[in-house]
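K.L.:
What follows is a single structure, and I will ask about it in a moment.
The values are calculated or read from the model by the stated rules, or taken from the named source; none is laboratory data. The structure presented is a predicted model; accordingly, all values stated were derived computationally and were not measured. Positions of Cβ are backbone-derived with ideal geometry, glycine not excepted, and every protein chain shown enters the neighbour counts.
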Amino acid sequence: MLVLYPELERKELIDQSNETLLPLIRKIRRVFEDHFDRTWFAIIIDGLPIDFRTIRMIRELVGLQSIHVGDEWFIYQAVVELSRFSLLIRKFLLPVLKERLGVSGLMPHRVVRDRTQYILRRFVAYTFPYNLERLEGLTGQLRSSLLSAYPSLEPQS
């Protein structure tokens with residue numbers, strides 16, 4: 001098929017990206033802001049090998065309100081950072097989450113004494129793996145949708 005107006009085709013691709021990618025980005029925003037971009041979370045990940053650049057890129061991604069020409073490369077890089085973030089959280093935080101939250105029976109000398117805080121932190125410890133899975137699932141969906149629209153973003157091995 002001969003395309004006489006490549007800029008029109010590009011605009012259609014951007015419109016389709018706004019329709020398919022933005023709803024996924026909004027869902028990621030909700031999960032990330034509700035469960036990972038919180039003060040308590042920053043405290044428990046202190047000392048973990050998570051680069052500030054990673055958090056910054058994720059915040060920029062979830063802040064997108066529309067997609068423009070050229071944004072696809074940034075979105076891809078942010079998806080890579082989201083995947084790295086999830087991997088690091090799964091590897092370094094999940095095994096010690098209760099200890100870091102101060103609700104582990106294995107470390108009774110470090111258990112939070114305030115009953116309300118203890119209950120809230122136990123709830124966080126209980127729901128955290130589920131929320132991490134939600135973030136990972138949405139990240140995978142965003143990656144798949146992005147590569148469907150822009151297959152040239154996939155690195156060639």
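K.L.:
Go through (1) within 17 Å of the chain's Cα centre (by Cα); (2) under 22 Å from Ala149 (Cβ atoms) one by one and return the number of the condition Ser66 breaks.
P.N.:
Status for Ser66: all satisfied but (1).
K.L.:
Could you figure out which of (1) assigned to a helix (DSSP H, G or I); (2) in contact (Cβ under 8 Å) with a residue 24 or more places away in the chain; (3) of a type outside the set (S, T, N, Q) isn't true of Leu48?
P.N.:
All conditions pass for Leu48, except number (1).
K.L.:
Take Phe36 and tell me if it is closer than 14 Å to Leu94 by Cα, surrounded by 15 or more Cβ atoms within 10 Å (Cβ to Cβ), at pLDDT 90 or above and touching a helix residue (DSSP H, G or I) at 6+ places or on another chain (Cβ under 8 Å). Spell out how you get there, then give the answer.
P.N.:
On the way: closer than 14 Å to Leu94 by Cα: yes; surrounded by 15 or more Cβ atoms within 10 Å (Cβ to Cβ): yes; at pLDDT 90 or above: yes; touching a helix residue (DSSP H, G or I) at 6+ places or on another chain (Cβ under 8 Å): yes.
Here the answer is yes, as Phe36 does meet what is asked.
K.L.:
For the range 14-40, name all the residues that are more than 14 Å from the chain's Cα centre (by Cα) and acidic (Asp, Glu).
P.N.:
Within the range 14-40, Asp15, Glu19 qualify.
K.L.:
Turning to a different aspect of this structure: Would you say Val103 is surrounded by 18 or more Cβ atoms within 10 Å (Cβ to Cβ), β-branched (Val, Ile, Thr) and touching a helix residue (DSSP H, G or I) at 6+ places or on another chain (Cβ under 8 Å)? Steps first, please.
P.N.:
Values: surrounded by 18 or more Cβ atoms within 10 Å (Cβ to Cβ): yes; β-branched (Val, Ile, Thr): yes; touching a helix residue (DSSP H, G or I) at 6+ places or on another chain (Cβ under 8 Å): yes.
Against the criterion (surrounded by 18 or more Cβ atoms within 10 Å (Cβ to Cβ), β-branched (Val, Ile, Thr) and touching a helix residue (DSSP H, G or I) at 6+ places or on another chain (Cβ under 8 Å)), Val103 qualifies.
K.L.:
What number goes with the only condition from (1) of a type outside the set (Lys, Arg); (2) under 20 Å from His35 (Cβ atoms); (3) in a helix (DSSP H, G or I); (4) more than 21 Å from the chain's Cα centre (by Cα) that Val103 does not pass?
P.N.:
Failing condition for Val103: (3).
K.L.:
Somewhere in the range 111-127, is a residue in contact (Cβ under 8 Å) with a residue 12 or more places away in the chain and among the hydrophobic types (A, V, I, L, M, F, W, C)?
P.N.:
Among the residues of the range 111-127, at least one is in contact (Cβ under 8 Å) with a residue 12 or more places away in the chain and among the hydrophobic types (A, V, I, L, M, F, W, C), which makes the answer yes.
K.L.:
Also, I was wondering about something else. Could you tell me whether the range 65-74 includes any residue that is outside any helix (DSSP H, G or I), loosely packed, with under 15 Cβ neighbours inside 10 Å and of a type in the set (Ser, Thr, Tyr)? Outline the logic, then answer.
P.N.:
Going through the range 65-74, the residues outside any helix (DSSP H, G or I) turn out to be 65-70.
From what's left, loosely packed, with under 15 Cβ neighbours inside 10 Å: 65-66, 68-70.
Now restrict to residues that are of a type in the set (Ser, Thr, Tyr): 66.
Looking for residues that are outside any helix (DSSP H, G or I), loosely packed, with under 15 Cβ neighbours inside 10 Å and of a type in the set (Ser, Thr, Tyr), one finds at least one in the range 65-74, hence yes.
K.L.:
Of these, Leu87, Leu61, which one is in a helix (DSSP H, G or I), without any contact (Cβ under 8 Å) to a residue 12 or more places away in the chain and within 19 Å of Ser144 (Cα to Cα)? Quick ask: steps written out before the conclusion?
P.N.:
Working: Leu61 fails: without any contact (Cβ under 8 Å) to a residue 12 or more places away in the chain.
None of the others qualify; the one that does is Leu87.
K.L.:
Which of (1) under 25 Å from Pro155 (Cα atoms); (2) in contact with a helix residue (DSSP H, G or I) (Cβ under 9 Å, 6 or more places away or on another chain); (3) at pLDDT 90 or above; (4) aliphatic (A, V, I, L, M) does Val69 not meet, given it meets every other one?
P.N.:
Single failed check for Val69: (3).
K.L.:
Would you confirm whether or not the range 29-42 contains a residue that is over 25 Å from Tyr118 (Cα atoms) and of a type in the set (S, T, N, Q)?
P.N.:
Among the residues of the range 29-42, not one is over 25 Å from Tyr118 (Cα atoms) and of a type in the set (S, T, N, Q), which makes the answer no.
K.L.:
Search the range 104-157 for residues being modelled with pLDDT of 90 or more and in contact with a Lys or Arg (Cβ under 6 Å, 6 or more places away or on another chain), and hand back the single one that is farthest from Phe74 (Cα to Cα).
P.N.:
If we take residues in the range 104-157 being modelled with pLDDT of 90 or more and in contact with a Lys or Arg (Cβ under 6 Å, 6 or more places away or on another chain), then Ala125 is farthest from Phe74 (Cα to Cα).
K.L.:
Follow-up question, since we're still on this one. Determine, yes or no, whether Glu136 is surrounded by 15 or more Cβ atoms within 10 Å (Cβ to Cβ), over 30 Å from Asn18 (Cβ atoms) and in contact with a helix residue (DSSP H, G or I) (Cβ under 8 Å, 6 or more places away or on another chain). Spell out how you get there, then give the answer.
P.N.:
Working: surrounded by 15 or more Cβ atoms within 10 Å (Cβ to Cβ): yes; over 30 Å from Asn18 (Cβ atoms): no; in contact with a helix residue (DSSP H, G or I) (Cβ under 8 Å, 6 or more places away or on another chain): yes.
No; evaluated as a whole, the condition is false for this residue.
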